[in-house]
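Each remark here refers to the structure printed beneath this line.
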Amino acid sequence: MNTHDDPARVLLRAFPDTPAHLHDLHDRLTARAQTDGVLDIAYRIVDSPIGGLLLAATDVGLVRVAFSHEDYDAVLQSLSDRISPRILDAPVRLDAAARELDEYFAGRRRTFDLPLDRRLARGFRRTVLLHLSEIDYGDTATYASVARLSGNPKAVRAVGTACATNPLPVVVPCHRVVRSDGTMGGYLGGVEAKRMLLALETA
């Protein structure tokens, strides 16, 4: 049982023989919560070649992409603390994000056209993340070059921190930032995930 699910979803999954009308009821209640403006954050979990990804969105846009090893419960608690406790497993709001990620991993998409809610990144970190989208699909940039683009050539370590705390990995391509010697450098999703993403984009 996934403790990060909303209570209704947990109960429905715990009893697989639950009548279909109760699943329908959950879906209707979720839709009603969104219509009434009491659903501040919707989330869903999708599969990908680099493992499960938790996607979360506000009414502004995609706000968080989290890798499975980050601990989904901790991620949802952080979203509750920093944005709103009104969070629900409501996949429909994430349909476009899930579709675009599927297309990306299938090699059919090079850029994302999703509205993004960037409130989780502030100050210099936000500036860095805004510049990451300037690195073209299939290309890489060094931490030093991103520091220069961001207006502070000496802030190479701060660029590394911004990439390591990127709330929207994959969609905001911090995986395209590498060390000056061409080696991978760190990655929130793990070095192997970074290598897979770069290999996908250069195939």
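A few points about this structure:
- For segment 146-185, trypsin sites (Lys or Arg not before Pro) are listed when DSSP marks them as loop and at most 15 other Cβ atoms sit within 10 Å of their Cβ; the list is Lys154, Arg179.
- Radius ratio Rg over Rh of segment 118-174, counting only Cα atoms, Kirkwood formula for Rh: 0.92
- For segment 144-154, backbone phi angles converted through the Karplus equation (6.51, -1.76, 1.60; θ = phi - 60°) give residue-by-residue couplings of 5, 5, 5, 4, 5, 4, 7, x, 9, x, 7 Hz, Gly and Pro being listed as x.
- Label-to-label distance, Leu130 versus Arg99, with points set 7 angstrom from Cα along the beta-carbon direction: 3.0 nm.
- Solvent exposure of segment 123-177, expressed per residue, is 43 Å² of accessible area, with all protein chains present and a 1.4 angstrom probe.
- Annotation: amide H of Asn166 has no partner in the under-5 Å range at sequence separation 5 or more or interchain, hydrogens built in the peptide plane.
- Once backbone amide H atoms are built at 1.01 Å from N, Val172 has no partners under 5 Å, excluding neighbours fewer than 5 places away on the same chain.
- Segment 68-142: C-alpha gyration tensor shape, a/c 1.5 cut-off, then a/b vs b/c: oblate
- Vicinal HN-Hα couplings computed from phi for segment 134-141 (Karplus, 6.51 cos²θ - 1.76 cosθ + 1.60; Hz; Gly/Pro x): 7, 7, 5, 3, x, 9, 10, 9
- Length added when fully stretched, Val92-Asp71, from 0.36 nm per residue minus Cα-Cα: 5.3 nm
- Between the amide H of Arg64 and those of Ala56, distances stay under 5 Å, these residues lying 5 or more places away or on another chain, with hydrogens modeled in the peptide plane.
- Carbon plus sulfur fraction of accessible area for segment 123-202, probe 1.4 Å, in percent: 53
- The Stokes-Einstein estimate for segment 54-203, based on a Kirkwood radius over Cα pairs and taken at 25 °C with 0.890 mPa s viscosity, is a diffusion coefficient of 154 µm²/s.
- Peptide packing: for 43-56, 158-171, 83-96, 108-121, the average count of neighbouring Cβ atoms within 10 Å per residue gives the ranking 158-171, 43-56, 83-96, 108-121, highest mean first.
The values are calculated or read from the model by the stated rules, or taken from the named source; none is laboratory data. No experiment lies behind these values; they were computed from the predicted model shown. Cβ atoms come from the backbone with ideal geometry, glycine included; neighbour counts cover every protein chain shown. Areas reflect the complete protein model, heavy atoms only, side chains present, ligands, DNA and RNA absent. Shrake-Rupley method; radii C 1.70, N 1.55, O 1.52, S 1.80 Å.
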